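What follows is a single structure, written as structure tokens, with notes after it.
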């Protein structure tokens, strides 16, 4: 029986996350082989691919040029030439900025008012543009990219293989975040490790649709399919997730797949951008819930609840850790004595005695837990498994992100050590936006104010 309320709540929360840990580890093991496409033979099938970069402004976001150049160089390296590059933008100055580059600049008309907002509005404008050009057919494919997206030859060969083998009409691949890694805030860069590891789950989602999560970039979809579904889903912020669900509803379970081509992007450069990015995702998820089937709605509610409770669990766990360990640490190092005249004296013999006592009675470290008899051995092992999977996910994700950087091996080791030490705080940083956004969303819904300015699409710095 657990008499301590904090420990009782913590135990319930820890048990709640056990299914998540088992699922995450299982999908990591199962999807490791097909996570990154390795069959990179160049077989000439050469469909027509339109690389579409959707941005608010290429003039203000210089990394768009980097993305364009990566497409050109990768296609040249793989000897693939049947492609187009289109930049969908809201900034008329981009035509001058991108002048001379082999790409079409499509400026979204300010008077264009579809049943969509922000990025979805621009995506719908591009759909109508292709319709005018009669490119909304099965011989054209659209490869969606964000401002900072960067393709490599492996990306090109992977999507060509997916199209050649006709395994679906839409697919995705893993996204890693090595670009500007050292320029970003160290905390946000390390926190991005979890996103890379989370892509192992995306493999299962795409093979067993509808996907509970879908990237808006590294998304390959046949042009006629995107034309029929469109992006007019109303004033929502997670248009990519809704697109995946509508595609599943219209074309069925075998419509999606995993092409395994990697896309390189960058982490948020500061903590505010990190928070606002995650907040937008959570609010977008909550906006979409009402439009899904009961089973999919249940999955999404469980996902959002996990994010929400993750922060609560993290705060309680850290408080318990401090409660249990700080008295021991202070006891060990309290060998300094002070008198009223501010004279300081160090009694090293007392300090050595305390160190020796703890070394000879190391079980005292765990006494606060064992005295209350929280866990039997079986439950303790299961909770330990969840904890190890959680730590491993950060390490594996960081490894994938650093794999595509030029950072030396010694500094990589330091970064892995930093991630291990900071893992509890990184977890709080990742889960707090969800905790905040759930409260914010339902508060405004409770007072009947659904359309608020804070739901605007926040654009992170690139």
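No lab work stands behind these numbers, since they all come straight from the coordinates. Keep in mind that what you see is a predicted model, and the values were worked out from it rather than measured. Here the Cβ positions follow ideal geometry from the backbone for every residue, glycine too, while neighbour counts run over all protein chains shown.
Tabulated results
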read-out	value
Cα centroid separation, region 192-218 to region 56-100 (Å)	26 Å
Which of 276, 206 has the fewest Cβ neighbours within 10 Å, and the rest in rising order	276, 206
FRET efficiency, 1/(1 + (r/R0)^6) with R0 35 Å, evaluated for residue 167 and residue 322 via beta carbons	0.10
Sequence of 304, 199 once ranked by neighbouring C-beta atoms within 10 Å, starting from the fewest	304, 199
Region 1-89 shape via C-alpha gyration tensor axes, a/c threshold 1.5	oblate
Beta bridges by DSSP in region 36-269, antiparallel share as percent, to the nearest 5	25 percent
Exposure proxy ranking, count of Cβ atoms within 10 Å, fewest first, for 83, 442	442, 83
Cα gyration tensor shape for region 36-269, rounded if a/c is under 1.5, else prolate or oblate	rounded
